[in-house]
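Each reported figure results from applying straightforward, stated rules to the coordinates on display, with no laboratory input. This one's a predicted model, so the numbers in the text were calculated from it and none came from an experiment. FYI the Cβ positions are ideal-geometry reconstructions off the backbone, even for glycines, and counts take in every protein chain you see.
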Amino acid sequence: MAYLLLFIHSMNKILFALIFLSLSSWSADLSLFLENGNFNEEFAKQILSGDLKDGESIHLIDRSLTFKKILGSGNTTLILKVQNPETGVDFALRLPHGNTEKRYHLSDGMRFINHTFNGYEELNDAGLPIPKIHDYNKDHYLLVDIIEHDFSLRTFLARNNTFTEESKERALKSLIEFSKETALFDSIGDFHLEQAVYSKDKNKWFLLDWASGHQLARQPSSPNVFSSFLFYENNIALDGNGNEIYEINRDGHKIKVAREISEFEKAALASITNAIEEQRRVQTELDNLELDRIKQKLSTLSDHKEVLEVYKNIHTKHLASFFTLLQKDFIANQLEKFPRGALGASELDLLMNHLGKFTPYFFSQFAEKIIDNIYDLETFNHLYVKLQTIGLDEELEDDIAGAIARNMERLLRNTTNDPKILDSVEKLKNDYGLINYMAKEHLANAAQYLKPATSCRDVISSFL
């Protein structure tokens, strides 16, 4: 009898342990980062398998969010509805994802997360209706506003015959207003018809997603983001959920059902194009007035610090032609007001951020002339990175290389020796093209030129 009771007691313990383990595995929170700090590259399995339940937690680096549901899963990103447990506010959590069937990998998703973040500021500054970014971790996630919407532009166009005339006209008028908000841009990174979405309640279109690499329009007739190609390639029939409709052909193959582009779509494209061109004509007039005002103000100044203040207050809502003329004026008339070696990293960044996007030609002119005004190697490195990013005009390459060589010793002498600087010196020594043999000779003697690092003893002695 005693053995029987002991057996029953042992079985109860085992049963309790199994129930506990089962409940634990069924109710497991998700950590995006492992204990060693590395990103959890297997995170998607727990979500897509359904193991992560509504109400469970997703742990980021410095916060936890409550999982609600999956909003969408594409080739490069997985989008979740999450909630701040303290405020009850809902957000969209964008995570990197892959689609191996279409040869997209996790690394592609990571790049797209970064492209979205890098393209955000320019669109936001231009006033486009886009979801606000609340948190970003490079490669790993974006936390953004949720944009409640009813359908995409692709669905609106392809299924326009299913809308009432009143609702169709209402959405079209709102679409034209949205197109005017995009008028500054010749192109927006990764723009396609599914990225623009409409909210019936707000009677407003939003840009839901984007990448980086936007281009500003130069004149009213420049291309726009609503290209005729996007409209005319949208020639596949869609069902009520916005999914492509398929049929089986005579050979037994599954094919997409084609459709004709309607007269409504053609007229909508024409109205959008006209609205954008008119908005750009208005913007051109505003740009000309603003440019005249800025140039007049600058003509009265001689102190480079006051010149910097003028540029600091220039906003980004202008066409590309405005910034080209602004850059030409800076190179021709304002740069001479800056003393040799007066520009530190923060001042250089201010200029590059407020003079607008450069073409390789104008940035090459800017770089060649401004090197004389740069203070130290750290500031030069900022310029050098931009040169590699923007590119340069081949005809000016030798001139830029000569300017770098002429100034390299001075830049080194104005720079304090530390491991980060020594690392940049080594990288420049091993670079080619703009770093010519004369510049390399100066870099080889960097140890003689660099200012010694200030020790704690030196700092204390300076107070005695």
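Near the amide H of Arg218, within less than 5 Å, lie the amide hydrogens of Ala320, all on another chain or at least 5 residues away, with H placed in the peptide plane. The HN-Hα couplings worked out from phi for segment 287-299 by the Karplus form 6.51 cos²θ - 1.76 cosθ + 1.60 (θ = phi - 60°) are 4, 4, 5, 5, 5, 4, 5, 5, 5, 5, 5, 5, 5 Hz, whole numbers, x standing for Gly and Pro. Taking a Cβ cut-off of under 10 Å around Ile435, the surrounding Lys, Arg, Asp and Glu residues balance to a net charge of +2, with basic ones at +1 and acidic ones at -1. For Glu194, what is the net charge nearby, where nearby means another residue's Cβ is under 13 Å from its Cβ and Lys, Arg count +1, Asp, Glu -1? Summing Lys/Arg as +1 and Asp/Glu as -1 gives -3. Taking Cα atoms only, the orientation of helix 106-125 departs from the longest principal axis of the chain by about 60 degrees. List the pairs from Lys328/Lys440; Lys297/Lys386; Lys386/Lys427; Lys81/Lys168; Lys68/Lys173 whose alpha-carbon separation is above 25 Å, in the order I gave them. Listed pairs above 25 Å: Lys328/Lys440; Lys297/Lys386; Lys81/Lys168; Lys68/Lys173.
Near the amide H of Phe151, within less than 5 Å, lie the amide hydrogens of Tyr198, all on another chain or at least 5 residues away, with H placed in the peptide plane. Relative to the longest principal axis of the Cα atoms of the chain, the long axis of helix 165-181 makes an angle of roughly 30 degrees. With K and R counted +1 and D and E -1, the other residues having a Cβ less than 10 Å from that of Ile374 yield a net charge of -2. Within segment 238-296, the trypsin sites (Lys or Arg not before Pro) that combine a DSSP coil assignment with at most 12 other C-beta atoms in a 10 angstrom radius are Arg250. Each Cα pair under 8 Å and six or more residues apart adds its separation to the average, and for the chain the resulting relative contact order is 8 percent. Applying the Karplus relation 6.51 cos²θ - 1.76 cosθ + 1.60 with θ = phi - 60° to segment 193-199 yields 3J(HN,Hα) values of 5, 7, 7, 9, 10, 10, 9 Hz, where x marks Gly and Pro.
DSSP bridge analysis restricted to the chain gives an antiparallel fraction near 90%, rounded to the nearest 5. With contacts taken as Cα pairs under 8 Å at a separation of at least 6 residues, segment 57-128 carries a relative contact order of 21 percent. Taking amide hydrogens as placed 1.01 Å from N in the peptide plane, the amide H of Tyr104 sits under 5 Å from those of Asn99, each at least 5 positions away in sequence or on another chain. When the listed pairs Lys202/Lys317; Lys200/Lys256; Lys317/Lys357 are checked against a 19 Å cut-off, the alpha-carbon distance exceeds it for Lys202/Lys317; Lys200/Lys256. Estimated from helices alone, the mean residue ellipticity of the chain at 222 nm is -15000 deg cm²/dmol (sum of -39500 (n - 2.57) over DSSP H runs with n ≥ 4, per residue). The angle separating the long axis of helix 320-329 from the principal Cα axis of greatest extent in the chain is about 20 degrees. Counting DSSP beta bridges with both partners in segment 29-144, what percentage is antiparallel, nearest 5? Once the DSSP bridges in segment 29-144 are tallied, antiparallel ones form about 95 percent.
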